[in-house]
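The structure appears below as structure tokens.
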Number of protein chains: 2
Amino acid sequence: MAELKGACIFGQSGGPTSVINASAAGVIQEALKQDCITHVYGAAHGIRGILEENFYDMSKEDPYELDLLKTTPSSALGSVRYKLKNADEDETDYKRLLEVFKKYNIRYFFYNGGNDSMDTCNKVSKYMQKVGYECRVMGVPKTIDNDLWGTDHCPGYGSAAKYVATSTMEVYHDARVYDKGMIIVLEIMGRNAGWLTAASAIAAYKGAGPDLIYLPEVPFDMDKFIEDASALYKKNGNVIVAVSEGIKDKNGKYISEYGSDLAKTKDAFGHAQLGGLASTLANILKEKTGAKVRAIEFSLLQRCAAHLGSLTDVNEAYLAGQMAVRYAVEGKTDYMVAFERAEGPEYKCNIKLVNLTDVANTEKKVPLEWIKKDGTGLTEDFIKYALPLIQGESRPPMEDGVPRFAKLKKVLATK
Amino acid sequence: MAELKGACIFGQSGGPTSVINASAAGVIQEALKQDCITHVYGAAHGIRGILEENFYDMSKEDPYELDLLKTTPSSALGSVRYKLKNADEDETDYKRLLEVFKKYNIRYFFYNGGNDSMDTCNKVSKYMQKVGYECRVMGVPKTIDNDLWGTDHCPGYGSAAKYVATSTMEVYHDARVYDKGMIIVLEIMGRNAGWLTAASAIAAYKGAGPDLIYLPEVPFDMDKFIEDASALYKKNGNVIVAVSEGIKDKNGKYISEYGSDLAKTKDAFGHAQLGGLASTLANILKEKTGAKVRAIEFSLLQRCAAHLGSLTDVNEAYLAGQMAVRYAVEGKTDYMVAFERAEGPEYKCNIKLVNLTDVANTEKKVPLEWIKKDGTGLTEDFIKYALPLIQGESRPPMEDGVPRFAKLKKVLATK
């Protein structure tokens, strides 16, 4: 493959994670080393930054600060949720992208994100091919939801899972100190796939986790839930329930919508159960059992807790970015970097490439055979899958007792 | 002072913290070393465990597990919220305590907790004095609220403050990734004293914290709040607000009660703002500004996050327990162990003793001169006070990627 000389641009897209900046460090540091890459640009707010010619010259950054990106949560360059129209319907954005690519001689495009971002990446790749503009396009996977197709797992998941497992264990201990028990409902992110909620099963595996775990992969039956939770409360005095924000009933209706419905009808539950899904469920259980209840949402905390990162995850996130650059320089294009778990007793993941066409917009859910028959927990197969992903400790350097995160200069690129 | 030979009993009381077990380790390990202490008992659920003759023989525990208590959150022995009546009104509980003390020859009583627990400790101390039963009574301070009188600060506060500061910084970074901004309202524990909410000012001091911080020490003015937050949103596009759960209006009414009032009147705000205080405020701001909003409650997480402990705090919690035993053995009684900050540029705290009578039920609030004039933040004096308390990293040993917490055998004491 002939050497392709030109600039590269990198963008972050979709919901941030605590390791998306580790992938940024991987891409940027590797790209800065490559002779054929003349400029390394970082797009402000992903694809929008390119459309608006708003991107940074990464060579202007202090190498120490770039290194700190490995332990800095959130999207240092800014993220975006922007869906490109299909090129055959509306070519406007694509023409503009091509214009910018030509102006800056951008020959490498790296895009870091989840399903929607891989769709963007795929569309850009196909358009550049169609118009015959030589540009190597590589997707770098990222999502705490762990729902990208074609990869064993996604960078971002391991750290979020470690946070969920650890915090669930801590809450478990806190929740049973009094002589009178209580019911706790934990709400965990994951609209369509239950991977992150499933991570609470690691706490249960360690003897300090939820009694009941509900994923969106299985229809949620409110009556059965109330029955199960009430029985456990009667038996043990303490109950912890973990629910994915995206659980739905058998008609496909989100349980999170039940709260406002209950309020509208002003029924026996009164108005108290309003708020998020966890509050709704906690208050229903309070009504039914008389128990003291508490609803806890891990909220943004679960995706930005860099102070409790999985070292395995951080290293893999970096590697994914680094390998995207190396493969592109070698001549590969139109792929997403993915992980393939090697056989054998020791955890080992190899990098492979998957076609962007295949990965764009395809969701990978928790396999039903890893969910217990009654839909209230995970099997050992899931634990075996998940445990290696949360191993090792990553945390930012601490300064004055709090994390020292990367501070970028963000020098705008000019032409 | 003549040597006093006999058993000791230790109890944990009130809301747990991530370091209350470090004080337990201090008391238990020190007591096990003392020749004059014949037995070391740990009360199940504090004073109730003594009343019910339900306590454990701590000498039966594995020393390694006792050591793990230093990094195990929550109350390993179980806590309690039980208020002793005044002895001159109802002597029942006291007679029972005396009976148990005599039966087991308990001559040392160590009680670990906050305001209410020091009240219990004080009452027990005074009763034993009155009836002439020789028993040395020492209080060991603990509370994330940091509101105990007579001590520079309380064990438990530093770790909770470190969690609040760190998590606030992480949320700050997560909250500003998109090109469209948002308003975040963080709700932090502290019903009457704003110490823990004030810890979010450390994040602001580090350039990644709340724009507005509201403590219960200052009456909360809803109109001014809406005005200030709206102006900041208009100016910056991103706003973070930190509120103490206990903020009240000028009539002393909790702002957390506004939510259900609004729902009852079914006014313009509709029902959406229900839930906790943070949701109420977030939804009011959404209504007024049209901003995307998110309410985050640190909930139990802020008091059980042993994975992010302050080493200074853990060491001091241990020391408080250890010194309580040493002082009691030396003949001291009727005191609470307290911290006194030494003068000088380097942080150093000495142990002192304060009378239980003085400390029982007295609350220490954030000094008004440490709160900014307009009531929306903290001064540098607070930062200077708080920073030393969050220094150093304490975390449990990790096993399989998650914390390994202490597992006690809890062998019941028998007579």
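The values are calculated or read from the model by the stated rules, or taken from the named source; none is laboratory data. For clarity, every value in this text was computed on a predicted model and none was experimentally measured. All Cβ positions, even for glycine, are placed from backbone atoms using ideal geometry, and neighbour counts span all protein chains on display.
Structure notes:
- Against the test of being assigned to a helix (DSSP H, G or I), of a type in the set (D, E, K, R) and outside the structural domain of A:Glu217 (by TED's automatic domain parsing), the options A:Glu346, A:Glu316, A:Glu340 yield a single qualifying residue, A:Glu316.
- Qualifying positions in region B:38-56 - in a loop (DSSP other than H, G, I, E, B) and not charged (D, E, K, R): B:Ala44, B:His45, B:Asn54
- Within the set A:Val314, A:Val293, the sole residue that is more than 30 Å from B:Met169 (Cβ to Cβ), surrounded by 20 or more Cβ atoms within 10 Å (Cβ to Cβ) and within 14 Å of chain B (Cβ to nearest Cβ) turns out to be A:Val293.
- Meets criteria (closer than 29 Å to B:Ser75 by Cβ, in contact (Cβ under 8 Å) with a residue 60 or more places away in the chain, more than 11 Å from chain B (Cβ to nearest Cβ) and more than 10 Å from the chain's Cα centre (by Cα)) for A:Val140: no
- Subset of region A:154-192 (residues that are surrounded by fewer than 24 Cβ atoms within 10 Å (Cβ to Cβ), more than 10 Å from chain B (Cβ to nearest Cβ) and under 26 Å from B:Ile47 (Cα atoms)): A:Gly181, A:Met182
- Filter pass, A:Glu363 being away from every other protein chain (no Cβ under 14 Å) and either out of contact with any helix residue (DSSP H, G or I) (no Cβ under 9 Å at 6 or more places or on another chain) or closer than 28 Å to A:Ala342 by Cβ (or both): yes
- Region A:1-37, subset under 19 Å from A:Asn315 (Cα atoms) and in a loop (DSSP other than H, G, I, E, B), residue farthest from the other protein chains (Cβ to nearest Cβ): A:Val19
- Test result for A:Ile188, outside the structural domain of A:Met323 (by TED's automatic domain parsing), β-branched (Val, Ile, Thr) and farther than 29 Å from A:Arg395 by Cβ: no
- Within region A:94-101, the presence of at least one residue that is away from every other protein chain (no Cβ under 14 Å), surrounded by fewer than 14 Cβ atoms within 10 Å (Cβ to Cβ) and over 24 Å from B:Tyr178 (Cβ atoms) is confirmed.
- Residue count for region B:159-184, restricted to those that are outside any helix (DSSP H, G or I) and either among the aromatic types (Phe, Trp, Tyr) or not assigned by TED's automatic domain parsing to the domain that holds B:Ala198 (or both): 1
- Residue in region A:50-65 that is under 20 Å from A:Ala406 (Cβ atoms) and touching a Ser or Thr at 6+ places or on another chain (Cβ under 6 Å) present: no
- Matching residues, region B:384-401, being small (Gly, Ala, Ser) and over 12 Å from B:Asn315 (Cα atoms): B:Ala386, B:Gly401
So that you can scan it fast, the table gives a plain yes or no per residue for (1) charged (D, E, K, R); (2) under 11 Å from B:Ser13 (Cα atoms); (3) crowded, with 23+ Cβ neighbours inside 10 Å:
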{"residue": "B:Tyr41", "(1), (2), (3)": "no, no, yes"}
{"residue": "B:Tyr64", "(1), (2), (3)": "no, no, no"}
{"residue": "B:Asp67", "(1), (2), (3)": "yes, no, no"}
{"residue": "B:Thr71", "(1), (2), (3)": "no, no, yes"}
{"residue": "B:Lys83", "(1), (2), (3)": "yes, yes, no"}
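- Tally, over region B:16-33, of residues that are out of contact with any Pro (no Cβ under 8 Å at 6 or more places or on another chain) and surrounded by 24 or more Cβ atoms within 10 Å (Cβ to Cβ): 6
- Matching residues in region A:358-415 - criterion: being without any contact (Cβ under 8 Å) to a residue 24 or more places away in the chain, under 19 Å from A:Asn21 (Cα atoms) and crowded, with 21+ Cβ neighbours inside 10 Å: A:Val402
- Residue match in region B:321-333 (condition: over 23 Å from the mean Cα position of the chain (by Cα) and surrounded by fewer than 13 Cβ atoms within 10 Å (Cβ to Cβ)): yes
- Within region B:205-227, the set of residues being buried (at least 21 other Cβ atoms within 10 Å of the Cβ), within 11 Å of chain A (Cβ to nearest Cβ) and under 22 Å from B:Glu369 (Cβ atoms) comprises B:Gly209 only.
One line per residue, one yes/no per condition, for (1) in a helix (DSSP H, G or I); (2) among the polar types (S, T, N, Q); (3) modelled with pLDDT of 95 or more; (4) touching a Ser or Thr at 6+ places or on another chain (Cβ under 6 Å):
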| site | (1), (2), (3), (4) |
| --- | --- |
| B:Ile226 | yes, no, yes, no |
| B:Ala242 | no, no, yes, yes |
| B:Gly259 | yes, no, no, yes |
| B:Gly270 | no, no, no, no |
| B:Ser279 | yes, yes, no, no |
| B:Ile296 | no, no, yes, yes |
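- Neighbours by Cβ (under 8 Å, 6+ apart or cross-chain): first from region A:93-110, assigned by TED's automatic domain parsing to the domain that holds A:Ile50; second modelled with pLDDT of 95 or more and of a type in the set (S, T, N, Q): A:Asn105/A:Thr38; A:Phe109/A:Ser125
- Which listed residue, of A:Ser117, A:Ser75, A:Ser59, is in contact (Cβ under 8 Å) with a residue 24 or more places away in the chain, closer than 16 Å to A:Phe10 by Cβ, more than 18 Å from the chain's Cα centre (by Cα) and not in a strand (DSSP E or B): A:Ser59
- Filter result for B:Thr168 (touching a strand residue (DSSP E or B) at 6+ places or on another chain (Cβ under 9 Å), under 23 Å from B:Gly331 (Cα atoms) and touching a residue at least 12 places away in the same chain (Cβ under 8 Å)): no
- Failed condition for A:Val329, given (1) in contact (Cβ under 8 Å) with a residue 24 or more places away in the chain; (2) part of a loop (DSSP other than H, G, I, E, B); (3) out of contact with any strand residue (DSSP E or B) (no Cβ under 6 Å at 6 or more places or on another chain): (2)
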